[in-house]
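S.K.: Below is the structure I would like to discuss, written out as structure tokens.
The values are calculated or read from the model by the stated rules, or taken from the named source; none is laboratory data. Predicted model, so just to flag it, every value in this text is computed and none were measured. Here Cβ is always computed from backbone atoms with ideal geometry, including for glycine, and neighbour counts include all displayed protein chains.
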């Protein structure tokens, strides 16, 4: 309930600021001039246009979560180990608000869930920056290891997963194709268009065992942390229908991991050396937007991201996160 009240308070503050926008109009004009957030000079307006109303707020119903799998073979002390964890399919109440291409979002799980999701993004027609932080202690599953004679069951509250992403991307065909038209309706795509997309991504993932009994039985391992940097080249496509009111969007980005590291913490911090090999991750998105009019819209979106790690002792770690979202969009 406290988290629900927090989201409501955030919305009240936003609308209070919105009511005073005439007094601060000069500030936002300077922001537009500085970053070119609403510039139409370098785009083909036959294909897409900038939304007239700069202020926006989205009220979202989210379903988000993680899938975590880990496997090690012939590890000293631990032997062969397998870990399969997943978060429950949590319902979240979310708000996203901002001005032009500066967007802030915060999600909290509803009464039964414990997942939190914070996002911040800044973009123009040709580029974008995204920061995202996800956290949940709603993981359940099992751990099997030859070190123990029995399987360890993991219940809600036993494990916490934290993930941080910092992404930057470039849109090659930014004169005709708009990424922001698909993500949060900052632009209106008028004709079908696609573009090559270049992504860079840095991810840091931490799995922490909160149950002291599991830590003790698992020979003291409390934290597994791994990070990676990756580059990706993929494609995005927008297809509008019904006189621009309905928009279908799909994006697929194979990600090439160039740097990765892994640490475990028991009584001390230990690094697990990585193999000298590269591997692929994947990021994908699908959205459907419907513009009721210039002030209101509906959006459905599904996002999928995978992170993998391969190290010594045939260590394999895979963390998938997903986000399914329906939104009611307001523009002012």
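S.K.: Within the range 136-173, can you find the residues that are more than 20 Å from residue 283 (Cα to Cα) and part of a loop (DSSP other than H, G, I, E, B)? Talk me through it step by step, then tell me what you get.
M.R.: In the first step, residues of the range 136-173 are kept if they are more than 20 Å from residue 283 (Cα to Cα); the result is 136-160.
Across the range 136-173, the qualifying residues are 137, 138, 146, 147, 148, 149, 150, 151, 155, 156, 157, 158.
S.K.: Here is a follow-up. Scan the range 117-136 residue by residue and report those that are in contact (Cβ under 8 Å) with a residue 60 or more places away in the chain and over 24 Å from residue 195 (Cα atoms).
M.R.: Of everything in the range 117-136, those that are in contact (Cβ under 8 Å) with a residue 60 or more places away in the chain and over 24 Å from residue 195 (Cα atoms) turn out to be 117, 134, 136.
S.K.: While we're here: Taking the range 136-165 as the search range and keeping residues that are surrounded by 18 or more Cβ atoms within 10 Å (Cβ to Cβ) and within 16 Å of residue 73 (Cα to Cα), which one is nearest to the chain's Cα centre (by Cα)?
M.R.: 143
S.K.: Here's a follow-up. Name the residue, out of 263, 237, that is modelled with pLDDT of 85 or more, more than 18 Å from residue 306 (Cα to Cα) and in a strand (DSSP E or B). Break it down into steps so the answer makes sense when it comes.
M.R.: Working: 263 fails: modelled with pLDDT of 85 or more.
Among 263, 237, only 237 is modelled with pLDDT of 85 or more, more than 18 Å from residue 306 (Cα to Cα) and in a strand (DSSP E or B).
S.K.: Still on this structure, please answer the following. Can you tell me which residue within the range 190-234, out of those that are part of a loop (DSSP other than H, G, I, E, B) and over 19 Å from residue 140 (Cα atoms), is farthest from the chain's Cα centre (by Cα)?
M.R.: Kept after step one, since they are part of a loop (DSSP other than H, G, I, E, B), are these residues of the range 190-234: 190-192, 210-211, 218-222.
Those still in the list that are over 19 Å from residue 140 (Cα atoms) too: 190-192, 219-220.
Values: 190: 27, 191: 28, 192: 26, 219: 33, 220: 31 Å.
Among residues in the range 190-234 that are part of a loop (DSSP other than H, G, I, E, B) and over 19 Å from residue 140 (Cα atoms), the one farthest from the chain's Cα centre (by Cα) is 219.
S.K.: Moving on. Do we have any residue at all in the range 19-34 that's at pLDDT 75 or above and surrounded by 17 or more Cβ atoms within 10 Å (Cβ to Cβ)?
M.R.: First, pick out the residues of the range 19-34 that are at pLDDT 75 or above: none.
For the range 19-34, residues at pLDDT 75 or above and surrounded by 17 or more Cβ atoms within 10 Å (Cβ to Cβ): absent.
S.K.: Among the residues of the range 286-332, count how many are over 14 Å from the mean Cα position of the chain (by Cα), under 21 Å from residue 139 (Cβ atoms) and surrounded by fewer than 17 Cβ atoms within 10 Å (Cβ to Cβ). It would help to see each step written out before you state the result.
M.R.: Initially, the range 286-332 is screened for residues over 14 Å from the mean Cα position of the chain (by Cα), giving 287-300, 308-318, 326-332.
From what is left, the residues that are under 21 Å from residue 139 (Cβ atoms) are 308-309, 315-318.
If we keep only those that are surrounded by fewer than 17 Cβ atoms within 10 Å (Cβ to Cβ) as well, we get 316, 318.
The number of residues fulfilling the criteria is 2.
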